[in-house]
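Derivation of every value follows stated rules applied to the coordinates shown; laboratory data play no part. Predicted model, so just to flag it, every value in this text is computed and none were measured. Virtual Cβ from ideal backbone geometry, glycine too; neighbours counted across all protein chains shown.
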């Protein structure tokens with residue numbers, strides 16, 4: 001699992017709209033969520049391919065035993081059936097996109 005990072009040189013300025021457009025162009029339906037500091041999602045799975053993408057804040061994501069720390073503009077693909085967990089890091093909320101393959 002490798003986190004993808006927004007590259008302002010290639011992708012332009014990071015905005016919520018630009019990140020949403022990027023994920024939608026990849027064929028994902030995008031929903032926006034805000035998670036309070038201290039939020040923990042224990043190990044779980046989904047029956048769909050998805051992407052977790054961060055707009056603001058910091059998120060620790062573990063997918064199939066591989067950990068990534070995500071910040072603004074970072075995203076990770078989570079294959080259907082993959083065991084994963086997530087934790088909001090720090091004192092700021094995480095604003096994130098949960099994108100599923102349509």
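In the chain, helices alone account for a calculated mean residue ellipticity at 222 nm of -3500 deg cm²/dmol, with every DSSP H run of four or more residues adding -39,500 (n - 2.57). Between residue 33 and residue 5, residue separation times 0.36 nm minus the direct Cα-Cα distance comes to 8.1 nm.
Exposure proxy shown here: for 33, 28, the number of other Cβ atoms within 10 Å sets the order, fewest to most, as 33, 28. Projected over all directions and averaged, the alpha-carbon convex hull of the chain occupies 5.9 nm². Using a cutoff of 8 angstrom between alpha carbon atoms and counting only pairs six or more residues apart, the relative contact order for the chain works out to 39 percent. Among 73, 90, 57, the largest mean-square fluctuation in a Gaussian network model of the chain (Cα springs under 10 Å) belongs to 90. Note on region 36-69 and region 86-102: Cα centroid distance 7 Å, given to the nearest whole angstrom. From most to least packed by mean Cβ count within 10 Å, the peptides 4-13, 47-56 give 47-56, 4-13.
Expressed as a rounded percentage, what relative contact order does region 46-102 have, with Cα pairs under 8 Å and six or more residues apart? All intermediate terms of the calculation are to be shown ahead of the outcome.
Details: 132 pairs, mean separation 28.1, N = 57.
Contact order relative to length: 49 percent.
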